[in-house]
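Peer 1: Got a structure here, written out as C-alpha cells. Questions coming.
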Amino acid sequence: MAEGLRAYGLIVWMWTRSALAYRASFLMTAAVNFAATGLDFLAILLMFSQVDRLGGFSLPEVAFLYGTAGTAFGLADLALGSMERLGGRVRDGTLDTLLVRPVPVLAQVAADRFALRRIGRIVQGLLVLVWSVTRLELHWTALDLVLLPMMLLSGAGIFGAVFVAGAAFQFWAGDASEVQNSFTYGGATLLQYPPSVFAKELVRGVTFVMPLAFVNWLPALRILGRQDPLGLPGWVDFAPPLVAVACCALAGAAWRAGLRSYRSTGS
Amino acid sequence: MPDMTALIELDRVEKVFDVRRRTGPLRRERRQVRAVDGISFTVPAGQVVGYIGPNGAGKSTTVKMLTGILTPSGGRLRVAGIDPSRERTRLARRIGVVFGQRTTLWWDLPLRDSYELVRRMYRIDAARYRRNLDRCVGLLDLAPLLDVPVRQLSLGQRMRGDIAAALLHDPEVLYLDEPTIGLDVVSKAKVRAFLRTVNTEQGTTVLLTTHDLTDIEQLCRRVMVIDHGRLVYDGGLDGLHAAGDSERTLVVDFERELPPVELPGARCERVEGPRQWIAFPAAASAAPLVAELAARHGVVDLSVREPAIEDVIARMYAASSTAPA
Ligand SMILES: Nc1ncnc2c1ncn2[C@@H]1O[C@H](COP(=O)(O)OP(=O)(O)OP(=O)(O)O)[C@@H](O)[C@H]1O
Ligand SMILES: [Mg+2]
C-alpha cells in the first residue's frame with residue numbers, strides 16, 4: 001500500500017513535470033477543461049430561466065448538489081481517471097510491461113499519463129459550491145461543518161471505487177470503457193440534480209445497489225434541511241465514509257481478481 | 001533434488017491457454033492450446049542461453065512465465081529461488097526484461113525521464129545509477145537520444161534505450177524476447193557486443209529468444225530449441241549439427257562427365273556437367289570418401305561445404321513438426 005502510493009506519487013510527479021514544461025499548452029487545456037465542465041452548469045442555469053424550481057429545489061439548492069457532486073467526482077477523476085484506458089492495455093498486451101516492474105500495477109495504471117488539467121473540473125465544482133453556499137442562507141451547525149468536507153472526500157472515495165471496479169471489469173470485457181463511463185460520468189451527472197426529479201426505483205438503485213446516493217444526496221439533503229425521498233433513518237446521512245471504505249474494499253477485491261485473470265496476448 | 005547453483009529452474013512446466021473462437025454468429029468453440037508442454041531445464045548463474053524455435057513454439061510464453069506475467073498451468077518454476085507468479089514484484093527487482101515487440105519505457109517521456117523514474121522505482125542509489133547509466137550511454141551510443149521522447153525514437157534507438165533501462169538496477173538475470181528484431185546490421189552488432197560485455201563484466205545471466213541465428217552464434221554457448229511447447233534440443237551450438245542429422249556436402253569436379261557416383265554412406269545430390277554434389281552425414285569424416293573418389297575417377301578439384309546453421313535448424317523444426325504430437 002505505502003509502496004503503491006509512493007510509486008503513484010513518483011509517476012504523477014514525472015507526468016506533471018513534463019506537462020508543466022509546456023506551460024502555455026497546459027494552461028490552455030486546463031482552461032478548456034474548466035469551460036467544458038462548466039457547460040453542464042450552464043444547462044442548469046438555462047433550465048432555471050424557464051422554471052423557478054426543479055423537483056421542488058431552488059437554483060442555489062441545485063447548485064449545492066451540483067457543486068458537491070462535481071467536486072467529489074473531479075477529485076476521483078483527477079486521481080484515477082487514467083484507469084479507463086486499461087482495456088486497451090489488456091487487449092494489446094502492453095500491460096505486460098507494467099507487470100515486470102517492482103511496484104503495484106494499480107498504482108502504475110492509475111498514474112499513467114496523469115493529467116493535471118483535470119483539476120479544471122474540481123475548481124469549477126468548488127466555485128459553484130461556494131456560490132451556492134453564499135446564496136443559501138443556511139444555519140450551519142458544527143456537525144454540518146464536519147459533514148461537508150467529509151461528504152466531498154467520501155464521495156471522491158466512492159467514485160474512485162467505481163473507477164477501479166470499472167477498470168477491473170475491463171480485464172474480462174476489454175472494451176467496457178463505455179460501460180464504465182456511463183457509471184462514472186453518468187453517475188456524476190445524475191447526482192447534480194435533486195433525487196426528487198427521478199423515479200423512486202432509480203433512487204433506490206443508486207442508494208442500495210450502486211451507492212452513489214452517499215456521494216452527496218443523503219448528506220447534502222441534511223445540510224439543506226430536506227427530507228430524503230426514501231425516508232431513511234437520520235444516521236444514514238453520516239454513513240458515507242463507511243460506504244466509501246466498503247466500496248474501496250470491494251473494488252480492490254475486484255481489481256485483484258481481474259489482474260489474476262490477465263492472460264497477456266500471443267504477440 | 002534442486003540444483004543449488006541454478007538461477008533458473010523449470011520442472012515439467014506447462015502453460016495451457018483456453019481460447020474461444022467464434023465459429024458462427026452465436027456459436028463459440030472452446031479449445032485448449034498447449035503453448036508450453038512440459039519443459040524442464042536449469043540455467044546456472046552467468047550463462048548466456050539462446051532460446052529458439054519456430055513461430056508459435058512457446059518462447060514468449062516461457063519468458064512470460066519466467067517473469068511472473070503468466071502463471072504456469074502445471075509444473076514447478078523458480079528464478080533466483082522465487083516463484084515468479086507468486087512473488088512477481090519481489091522478483092522484479094532481480095530481473096531485467098526486454099520485449100523486442102514493445103517498450104517498457106514511458107512513451108511520451110524523454111528517455112532521461114524514463115530512466116529517472118526507473119531509478120526511483122527500483123530505489124537505485126545515486127552512485128550506482130550514475131555508473132550504470134554512464135556505461136549504458138557510452139556502450140549503446142545513447143547520449144544524443146536522452147532528451148528525445150520515446151515515441152520519437154526509431155525502432156533500433158528505442159531498443160537500445162529499452163536494454164539500458166532493463167540493466168540500470170543490476171539485475172541478476174536478463175530476459176530478452178527478440179531483442180534484435182528489425183535492427184540493422186550495425187545496431188545488431190552494437191547490441192550483441194553490449195550484451196557480451198554485460199555478461200562478462202557483471203556476470204549477468206542472459207536468456208534470449210531470437211529468429212536471428214547470428215545472435216546465437218555470437219553470444220550463446222548453449223542453445224535450446226523448442227517446438228510445439230517441447231524442448232527438442234538443449235546443448236552446444238556444435239551439437240545441433242549432429243542432433244539435426246545435418247549433412248555436409250562434397251563438391252567434386254571430375255575430369256569428364258560421369259553418371260551420378262555411388263558411394264557407401266553418401267548420396268549424390270546434384271550433377272552439373274563434370275561437377276557433382278555429394279552429401280554425407282556431418283558427423284562422418286570426409287577423408288575416406290575423398291580417397292575412394294580419387295581412386296575410382298580422375299578428380300580435378302574438390303571442396304567441402306559445411307551445413308548452414310539455418311538449414312540445420314530448419315531441418316530440426318521440420319522434423320519435430322512431422323513427429324507424432
Ligand atoms: N495470451 C494468449 N492467449 C491465447 N493463446 C496464446 C496466448 N499467448 C500465446 N498463445 C498461443 O500459444 C502459442 C505459443 O505462443 P508464443 O507467443 O509463446 O510463441 P513464440 O514462440 O514466442 O512465437 P514467435 O516466434 O512467433 O514470437 C501460440 O500457439 C499462441 O497462439
Ligand atoms: Mg514470441
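Peer 1: Can you work out the FRET efficiency for the pair A:I119 and B:E306, with r the C-beta to C-beta distance and R0 = 60 Å, to the nearest 0.05?
Peer 2: Here the calculated transfer efficiency is 0.35.
Peer 1: Sorted by accessible area with a 1.4 angstrom probe, largest first, how do B:L219, A:L127 fall? All intermediate terms of the calculation are to be shown ahead of the outcome.
Peer 2: Numbers: B:L219 25, A:L127 100 Å².
Descending order: A:L127, B:L219.
Peer 1: Report the accessible area of B:H297, computed with a 1.4 Å probe over the heavy atoms of all protein chains in place, in Å² rounded to the nearest 10.
Peer 2: Solvent-accessible area, nearest 10 Å²: 50 Å².
Peer 1: For B:D170, tell me the accessible area in Å² from a 1.4 Å probe, rounded to the nearest 10.
Peer 2: Probe radius 1.4 Å; accessible area of B:D170 about 50 Å².
Peer 1: Among DSSP beta bridges lying fully in the stretch B:6-241, give the percent that are antiparallel, nearest 5.
Peer 2: 60 percent
Peer 1: Which semi-axis lengths, in whole Å and largest first, follow from the square roots of five times the eigenvalues of the Cα gyration tensor of the stretch B:77-116?
Peer 2: Three semi-axes, in Å: 26, 11, 8.
Peer 1: Hey, rough spin-label estimate for B:V33 and A:E201, points 7 angstrom out along Cα→Cβ, what's it come to in nanometres?
Peer 2: 4.4 nm
Peer 1: Once Lys and Arg get +1 and Asp and Glu get -1 on their Cβ, which of A:T94, A:S82, A:V109 lies farthest toward the positive end of the dipole of the stretch A:47-127?
Peer 2: The one lying farthest along the dipole's positive direction is A:T94.
Peer 1: Between chains B and A, what is the buried accessible area in Å², counting both sides, with a 1.4 Å probe and ligands, DNA and RNA left out, to the nearest 100?
Peer 2: 2600 Å²
Peer 1: State to the nearest 20 debye the size of the charge dipole of the protein assembly as shown about its Cα centre, where the only charges are +1 on K and R beta carbons and -1 on D and E beta carbons.
Peer 2: Dipole about the Cα centre, nearest 20: 1360 debye.
Peer 1: Okay, moving on. What percent antiparallel are the DSSP beta bridges of the protein assembly as shown, to the nearest 5?
Peer 2: So the antiparallel bridges in the protein assembly as shown amount to around 70 percent.
Peer 1: Taking square-rooted eigenvalues a ≥ b ≥ c of the alpha carbon gyration tensor, is the stretch B:40-177 rounded, prolate or oblate, where a/c under 1.5 means rounded and, failing that, a/b exceeding b/c means prolate?
Peer 2: Cα axes put the stretch B:40-177 in the prolate bin.
Peer 1: In peptide A:10-18, how many Cβ atoms from other protein chains are near each Cβ within 10 Å, on average?
Peer 2: Whole-number average of other-chain Cβ neighbours for A:10-18 is 4.
Peer 1: Express in Å², to the nearest 10, the accessible area of B:T42 obtained by rolling a 1.4 Å probe over the protein heavy atoms while all chains stay in place.
Peer 2: My reading of the accessible area for B:T42 is about 50 Å².
Peer 1: Could you compute how fast chain A diffuses translationally, taking Rh as the Kirkwood radius over C-alpha pairs and applying Stokes-Einstein at 4 °C with viscosity 1.567 mPa s? Give it in µm² per second. Before the final figure, lay out the partial values.
Peer 2: On the way: Rh = 19.5 Å.
After rounding, the answer is 67 µm²/s.
Peer 1: Determine the calculated [θ] at 222 nm for chain A from helices alone, applying -39500 (n - 2.57) to every DSSP H run no shorter than 4 residues and normalising by the residue count; nearest 500 deg cm²/dmol.
Peer 2: Helix contribution divided over all residues of chain A: -22000 deg cm²/dmol.
Peer 1: The stretch B:64-80: which residues show an accessible-area loss of 30 Å² or more, assembly versus chain alone, 1.4 Å probe?
Peer 2: In the stretch B:64-80, residues shielded by partner chains: B:K64, B:I69, B:L70.
Peer 1: How would B:R270, A:R226, A:R23 rank on accessible area, largest to smallest, probe 1.4 Å?
Peer 2: Working: B:R270 115, A:R226 75, A:R23 155 Å².
In descending accessible area the options line up as A:R23, B:R270, A:R226.
Peer 1: Please give the charge dipole size of the stretch B:75-122, origin at the Cα centre, charges +1 on K and R Cβ atoms and -1 on D and E Cβ atoms. Round to the nearest 20 debye. Could you put the intermediate results ahead of the total?
Peer 2: On the way: 11 positive and 5 negative charges, 64 e Å.
Result for the stretch B:75-122 is approximately 300 debye, rounded to the nearest 20.
Peer 1: Under a cut-off of 12 Å between alpha-carbon atoms, report the aspartates and glutamates in cross-link reach of B:K188, not counting same-chain residues fewer than 8 places apart.
Peer 2: Straight-distance partners of B:K188: B:E178, B:D212, B:D215.
Peer 1: Scan chain B and hand back the longest stretch that contains none of the GluC sites (Glu not before Pro) lying in DSSP loops with at most 14 other Cβ atoms within 10 Å.
Peer 2: Details: sites that count: B:E87, B:E255, B:E257, B:E262.
Formally, the longest exposed-site-free interval is B:88-254.
Peer 1: Still on this structure, please answer the following. Let me check something: with ligands and nucleic acids excluded, how do B:R20, B:R112 order by accessible area (1.4 Å probe), largest to smallest?
Peer 2: I get B:R20, B:R112, largest accessible area first.
Peer 1: Would you please give the FRET efficiency between B:R102 and B:Q218, computed as 1/(1 + (r/R0)^6) with r the Cβ-Cβ distance and R0 = 35 Å, to the nearest 0.05? The partial results should precede the final answer.
Peer 2: Working: r = 25 Å, r/R0 = 0.71.
So the FRET efficiency works out to roughly 0.90.
Peer 1: Give a quick list of chymotrypsin sites (Phe, Trp or Tyr not before Pro) in the stretch A:182-267 that DSSP marks as loop, anything other than H, G, I, E or B, with at most 11 other Cβ atoms within 10 Å.
Peer 2: none
Peer 1: Right, another one. On the accessible surface of the protein assembly as shown, probed at 1.4 Å, how many percent belong to carbon and sulfur atoms?
Peer 2: Taking all protein chains in place, the protein assembly as shown shows 57 percent carbon and sulfur surface.
Peer 1: Further question: In percent, how large is the relative contact order of chain B, given Cα pairs closer than 8 Å and 6 or more residues apart? Numbers along the way, then the final one.
Peer 2: Working: 586 pairs, mean separation 57.5, N = 325.
Value for chain B: 18 percent.
Peer 1: In Å², and per residue, what accessible area does the protein assembly as shown have when probed at 1.4 Å with the other protein chains present?
Peer 2: Accessible surface, normalised per residue, equals 46 Å².
Peer 1: Taking +1 at the Cβ of each Lys and Arg and -1 at the Cβ of each Asp and Glu, which of A:G157, A:S132, A:G231 sits farthest along the dipole of the stretch A:124-267 towards its positive end, judged by Cα position relative to the Cα centre?
Peer 2: A:G157
Peer 1: Between the stretch B:63-91 and the stretch B:161-223, what is the separation of their alpha carbon centroids in Å?
Peer 2: Going from one Cα centre to the other spans 21 Å.
Peer 1: Given a Förster distance of 30 angstrom, what is the FRET efficiency for A:L138 paired with A:T189, based on the Cβ-Cβ distance and rounded to 0.05?
Peer 2: Using R0 = 30 Å, I get an efficiency of 0.75.
Peer 1: Taking the Cα centre of the stretch A:2-265 as the origin, how large is its charge dipole in debye, to the nearest 20, when only Lys and Arg (+1) and Asp and Glu (-1) carry charge on their Cβ atoms? Can you show the working numbers first?
Peer 2: On the way: 20 positive and 16 negative charges, 129 e Å.
My answer is approximately 620 debye.
Peer 1: A follow-up question, please. Using just the C-alpha positions of the protein assembly as shown as equal point scatterers, what log10 of I(q)/I(0) does the Debye formula give at each q in 0.08, 0.10 1/Å?
Peer 2: Normalising to I(0) and taking log10 leaves -0.71, -0.95.
Peer 1: What is the extension gain from B:R76 to B:R196, computed as 0.36 nm multiplied by their sequence separation minus the C-alpha to C-alpha distance, in nm to one decimal?
Peer 2: 40.2 nm
Peer 1: Answer with one residue from B:M224, A:V146, A:A7: the one whose Cα lies farthest towards the positive end of the charge dipole of the protein assembly as shown, charges on Cβ with Lys, Arg +1 and Asp, Glu -1.
Peer 2: In the protein assembly as shown, that residue is A:V146.
Peer 1: Can you list the residues of the stretch A:75-109 whose accessible area drops by at least 40 Å² going from the chain on its own to the full set of protein chains, with a 1.4 Å probe?
Peer 2: The answer is A:D96, A:T97, A:L99, A:V100, A:R101, A:P102 - residues whose exposure falls by at least 40 Å² when every protein chain is included.
The values are calculated or read from the model by the stated rules, or taken from the named source; none is laboratory data. These numbers were taken from a predicted model, which means no experiment stands behind them. Don't worry about glycine lacking a Cβ; one is built from the backbone with ideal geometry, like all the others, and counts go over all protein chains shown. Surface areas here come from the heavy atoms of the whole protein model, side chains and all, with no ligands, DNA or RNA. Shrake-Rupley method; radii C 1.70, N 1.55, O 1.52, S 1.80 Å.
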